[in-house]
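Trainee: My questions will all concern the structure given below.
The numbers here are math on the coordinates, done by the rules we state, and not lab data. Model, not experiment: these values are computed from the prediction. Cβ sites come from the backbone with ideal geometry, for glycine too, and all protein chains shown count toward neighbours.
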Amino acid sequence: MIEQNPPLLWVLDYVIPDFKILGETITMKGELLIASRQLFSFLQEEIVRSAFIGPGVIKGQVMLKEKPVDVEYLVGAVIFDPTQMRPREPIPVLDILNPEILDPLEQATIEQVQEIFRTLVVKKGSVSDSGQILTITTEGGLPRTLIAEEHMAAKNITLVSGMKKARFLLGGQKNRLYLPFKEGLQRNRFSDASKIWTFRIDTKEFEAFDPAKFGEWIIIEMQPDPASASSSSQVVESEFNSILTYLIGNQKYFIF
């Protein structure tokens, strides 16, 4: 299955104060992994929101009654306020300033570099540039005059493919985050609407993932005509299902 604009895997950190979860209002922090083609811009009157659309998982930790509690949710969209992402903020609510962005379909590339080799040779009976002449005296020996010669040689370096990068990062350091994402795809959990959530970082809560709720927004990148705002819900649903189908159809790249 070949697509002009395949989804990317985004790995981001978040720290959200005053998040409403499990009947409490507390600080939640953790990591997010989501498959999305891009970062979308949502518009409603003068309100602007940014969003990822696609299958994903969030892992987090909260303190309840002075005890750490792990939380895990499968998500279909992540919505946040872009004004909270400013670089001057010491800890952004969602760190999209330094995300890991993985493209498992990226091919291995070959780059050519030039290496400089410097050799020292003994030359007798010749005159050389004084800048290249070195005099070396060994312990208990006579001084020797050497000539420094430099030459360049091309060398090819093969960079690893995107799939290898994804396997190295997600299968190792981020395995705790990747495992529920992988199981969600393999067990078809993302097709069950009752198990998917919208991660509302802007309102600091989880909502059931319901594309119909997006109908009142305009998706700037996908709506050339603002008058077609009513179709945003269909766009979100189509985008999510398209990415999910693509991930499952390309399991050898996204599931390992």
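Trainee: Hey, which of these cross-link pairs are over 22 Å Cα-Cα: Lys59/Lys174; Lys29/Lys213; Lys174/Lys252?
Mentor: Listed pairs above 22 Å: Lys29/Lys213.
Trainee: With a Förster radius of 35 Å, plug the Cβ-Cβ distance of Ala208 and Lys252 into 1/(1 + (r/R0)^6) and report the FRET value to the nearest 0.05.
Mentor: 0.65
Trainee: Now, a different point. Measuring from centroid to centroid over Cα atoms, what is the spacing of region 11-25 and region 178-225 in Å?
Mentor: 17
Trainee: On to the next question. For a quick protection proxy, order the peptides 87-94, 25-32, 195-202 by their average other-Cβ count within 10 Å, most packed first.
Mentor: Descending packing order for the listed peptides: 195-202, 25-32, 87-94.
Trainee: Could I ask something else about it? Between Ser41 and Leu179, what FRET efficiency comes out of the Förster formula 1/(1 + (r/R0)^6) with R0 = 30 Å and r the beta carbon distance, rounded to 0.05?
Mentor: So the FRET efficiency works out to roughly 0.45.
Trainee: Report the label-to-label distance for Ile26 and Gln61 in nanometres (one decimal), using points 7 Å from each Cα along the Cα→Cβ vector.
Mentor: Label at Ile26, label at Gln61, 1.2 nm between them.
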